[in-house]
Every structure is written in C-alpha cells, then in structure tokens.
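Asker: There's a structure below that I have some questions on.
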Amino acid sequence: MINDRVPINFPADVVDTVAEWLDARDGSVGLCLLCGESFGEADMIPGRPGYHNCPTTVMTMFAKLFDLSDDVTATMMRYGFQFEGRGWRRVMARMCARIESIAPEDFRILAVKSKYATLRIAYRGGSPGIDAEAAAAQADAARRCEGCGKPGERRKVGGWWMIRCDGCLVVSGFDR
Ligand SMILES: [Zn+2]
Ligand SMILES: [Zn+2]
C-alpha cells in the first residue's frame with residue numbers, strides 16, 4: 001500500500017526556492033520530509049516519482065514486504081537498512097519495486113545489511129522469483145559504491161571491506 005499521507009513534494013511556490021538552494025549544493029531536486037535529506041532523480045523509488053528511497057520511506061511504502069515488528073529475535077528491520085550512504089538504497093528500492101507484485105503472502109524481509117562488502121538480505125517465505133531478484137540485487141550492489149551508487153570496487157576502508165568508488169575513498173579514507 002502506498003502511504004499517500006507522506007507529503008514529499010512541496011507546494012509550487014516553495015519548489016523553486018528549495019530546488020535552487022538544493023541545486024547549488026548537490027544537484028538534488030527534493031527534500032525528504034521523513035529523513036530530512038535532500039535527494040535527486042537517482043534517489044527516487046522506481047515507479048514512484050517524487051518519493052525518496054531512504055529506508056524510512058521504502059519501509060513505509062513497501063510495508064507488506066518487511067517484518068517491522070519489535071521482536072529482535074525474529075527481525076532486525078527496526079534498525080533499518082544497516083549500510084552507509086545512498087548507493088545501495090537504490091538497489092534496495094529497485095528490488096522492492098520489482099518483487100512487490102510477486103511476493104508470496106507470507107514473504108517478509110528480516111534484515112538488510114552490509115557485511116564483508118556484500119549486501120545481505122535475510123528474508124522468509126521466499127520463492128524462486130524472489131531468490132532471483134535478491135541475487136540480482138546483490139550482484140548489482142557488488143559493483144556499486146555503497147556510498148554514492150557510482151561504479152565501485154571492493155576496498156578496505158577504516159579496517160572494513162566495502163564497495164567504494166574512487167571519489168568516496170577520498171572522503172572516507174583508504175587503508176591499502
Ligand atoms: Zn528520506
Ligand atoms: Zn562513491
């Protein structure tokens with residue numbers, strides 16, 4: 001179900017001012033009212049124009065795909081997506097949009113995290129179609145900077161293996 005109560009888009013008279021300000025900063029086109037971050041075209045949920053792909057919005061919009069209960073012995077989704085940056089949000093948002101219509105009734109995502117430079121997605125109630133989409137998402141993440149979404153490689157950052165692009169390495173520090 002789409003949560004239509006989430007007003008991501010601004011009234012027309014505010015858009016110009018905000019867009020100008022955001023363009024000057026990082027080329028973004030909107031401001032997410034749920035997480036407070038600015039976002040651009042690439043940070044939207046596929047098929048849902050204007051909606052940010054942050055964990056809060058994705059888990060709201062695709063609520064039926066996630067086990068959002070507080071029982072941490074069953075699900076870790078109360079901690080959101082456990083990876084840094086914007087890059088892999090694109091991967092998760094696209095996967096959710098693709099599996100929404102094929103997910104079995106009892107399907108639920110239980111944890112989403114970055115571990116040893118791979119995107120780990122734990123779920124229950126899957127199907128061959130779901131497995132294929134999850135594998136495709138993981139393969140996509142393996143080539144995409146976790147931080148920004150540009151093409152990236154497996155590198156060690158601050159003692160941890162991550163997928164990073166050259167630009168994000170400059171910011172995050174590169175251990176050789
Ligand atoms: Zn957001
Ligand atoms: Zn990057």
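Asker: Over segment 23-95, what is the relative contact order in percent, taking alpha-carbon pairs closer than 8 angstrom and at least six residues apart?
Answerer: Once normalised by length, the contact order is 25 percent.
Asker: Here's something else I'd like to know. So who's got an amide H within less than 5 Å of the one on TYR123, skipping anything under 5 residues away but keeping other chains? H placed 1.01 Å off N, in plane.
Answerer: Placed amide hydrogens put LEU110 under 5 Å from TYR123.
Asker: Can you tell me what the convex hull of the Cα atoms of segment 60-108 projects to on average, as an area in nm²?
Answerer: Answer in nm², one decimal: 3.7.
Asker: So, one more: Multiply the residue gap between GLU105 and GLN82 by 0.36 nm, knock off their C-alpha separation, and tell me the result in nm, one decimal place.
Answerer: In short, 5.8 nm is gained.
Asker: Moving to a separate point now. Towards the positive end of the charge dipole of segment 88-176, with charges on Cβ (+1 Lys, Arg; -1 Asp, Glu), say which of MET92, GLY159, CYS145 has the farthest Cα.
Answerer: GLY159
Asker: If you don't mind, another one. Once the principal axes of the Cα atoms of segment 101-173 are found, what is the range along each, listed largest first in whole angstroms?
Answerer: 44, 20, 14
Asker: Give a residue-ordered list of calculated ³J(HN,Hα) values for segment 52-65 (Karplus: 6.51 cos²θ - 1.76 cosθ + 1.60, θ = phi - 60°; whole Hz; x for Gly, Pro).
Answerer: 5, 9, 5, x, 4, 5, 4, 6, 6, 5, 10, 4, 6, 8
Asker: Given +1 on the Cβ of Lys and Arg, -1 on the Cβ of Asp and Glu, and no further charges, what dipole in debye does segment 27-123 carry about its Cα centre, rounded to the nearest 20?
Answerer: Roughly 280 debye, rounded to the nearest 20.
Asker: Step through the residues of segment 33-50 one at a time and calculate ³J(HN,Hα) from phi using the Karplus curve (6.51 cos²θ - 1.76 cosθ + 1.60, θ = phi - 60°), rounding each to whole Hz and writing x for Gly and Pro.
Answerer: 7, 8, 10, x, 8, 7, 8, x, 3, 6, 9, 9, 7, x, x, 10, x, x
Asker: Could you tell me the extents of segment 17-153's C-alpha atoms along the three principal axes, largest first, rounded to whole Å?
Answerer: Principal-axis extents of segment 17-153 (Cα, largest first): 46, 31, 27 Å.
Asker: May I ask for the equivalent-ellipsoid semi-axes of segment 77-130, computed as the square root of five times each C-alpha gyration tensor eigenvalue and listed largest first in whole Å?
Answerer: 20, 12, 10
Asker: Could you list the trypsin sites (Lys or Arg not before Pro) in segment 43-119 that lie in coil according to DSSP, counting only those with at most 14 other Cβ atoms within 10 Å of their Cβ?
Answerer: Loop-located and lightly packed - none at all.
We did not get these values from a lab; they are worked out from the coordinates using the rules stated. Here the structure is a predicted model, which means the values were calculated and not measured. Please note: Cβ atoms are built from the backbone with ideal geometry, for glycine as well, and neighbour counts cover all protein chains shown.
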